[in-house]
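Here the structure comes first, spelled out in C-alpha cells, and everything after it is commentary.
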Amino acid sequence: MEIRQQPVEAVYHSGTKKDCRSRALVLEAAGIGYEVREKAGERTLVVAAPDAARARAELDAYAQENRDWPTVAATLPQRAGGWGGVVGYAAVLLLVAIIEHQDMFGFDWFIAGKTHAGLIRQGQWWRAATALSLHVDLPHLVANIVIGGLIGLFAGQLLGSGLAWVSILIAGAAGNLLNAWIRQPGHTSVGASTAVFAALGIVAAYAWKRQRHMQAPRLARWAPLVGGVVLLGYLGTGGARTDVLAHVTGFLSGVLLGALYGKLGDRVVLAARVQFLLGMSALAVLALAWTLALAPHALQPS
C-alpha cells in the first residue's frame, strides 16, 4: 500500500524481508497506508506522519500477541566480502616478520618497535602502532594471523574492509597507549593481539548497537557483546607471556569505536573508493610509525 506525498515516519526496521513483510501485513489489515524502503540491506517500514501513532499501536499489539512465538534473529547487512583486508593484514605481518628476522638495513626492528611504557610516556607514541606488527616467534605470528584474520573478516563484512582495518589499527594502538600509561615504566610488549581484541570489540559492539536499532529480541541484542566478553576471557587470558591488560584495553577501545559505528548506522556506509583510501591510510599510518621508530633520535637502548 502506497502513501500519499506527505511527511512520513519510520515505524519499524528489519534486516530481513520476511520480518518486515509480516509487519506490513498488520498495517494493511488495519487499513494503514505504508511503504517499505530498503537501503544497504536494511528495510524500513514508513507510514504517513498522522498515522504513525496508530501504526505503532497496531505493531505493538502484534508483538505482544506473538511474544511467545519463536522469533527470527535480526540479521546485520553485509557491506563487503572482507577478504581484501584480510590478505593485506596477513601480508603486512609476514613482511615485518621477515624484515625484523633479517635485521634489514642494519636496524634492530624489535628493539625499535616494541612498546615501552616509559618511552611512550615520553612521547614515542609510534611504538603503540609498530608493536602491533612485531611477534616473538612463529607460533605467536601464526596465531595472530589466523584469529585476527577471522575476526577482521567479520569486521570488514560489516563495515567495509577499509574502515574496518583502519579502525582496528587505531583501536589497537589506543589499547597499547592506554596500557602503557597504566603499566610500570619498564613494561614492554609486542604482538597484533591487542589489535585482534580491538577488532573483536568493534564487531561485538557494532552488532549489539545495530540489533538494538533493529528491534531484535532482548537476548539476541545482548548476545554479541556477551559473546565478545566470553571470547576475550577465553582467548585473551592464557599463556605465561600474555599481556592480559593490553588485550582488555584493546577490546575496550574497539568497543567504543564499534558502538559509535553502530549508533551511526547507515551513515557509515561508504563508497568503494573511500574504503580503498581508508585502507591505504592504515598502511600509511603504520609506515609513518616505523619511519619515526627508526629515526636516529628514537634509536636508544630500551
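The values are calculated or read from the model by the stated rules, or taken from the named source; none is laboratory data. Not measured: the values here are computed from a predicted model. In this analysis, Cβ positions are derived from the backbone assuming ideal geometry, glycine residues included, and neighbour counts consider all displayed protein chains.
Worth a mention:
- Checking TRP181 against (1) under 23 Å from HIS140 (Cβ atoms); (2) in a helix (DSSP H, G or I); (3) not β-branched (Val, Ile, Thr), the condition it does not meet: (1)
- Considering residues of the stretch 1-24 that are acidic (Asp, Glu) and at pLDDT 75 or above only, the residue nearest to ALA52 (Cα to Cα): GLU9
- Any hit, the stretch 91-113, residues being out of contact with any Leu (no Cβ under 9 Å at 6 or more places or on another chain), under 20 Å from VAL166 (Cα atoms) and either modelled with pLDDT under 95 or in a loop (DSSP other than H, G, I, E, B) (or both): no
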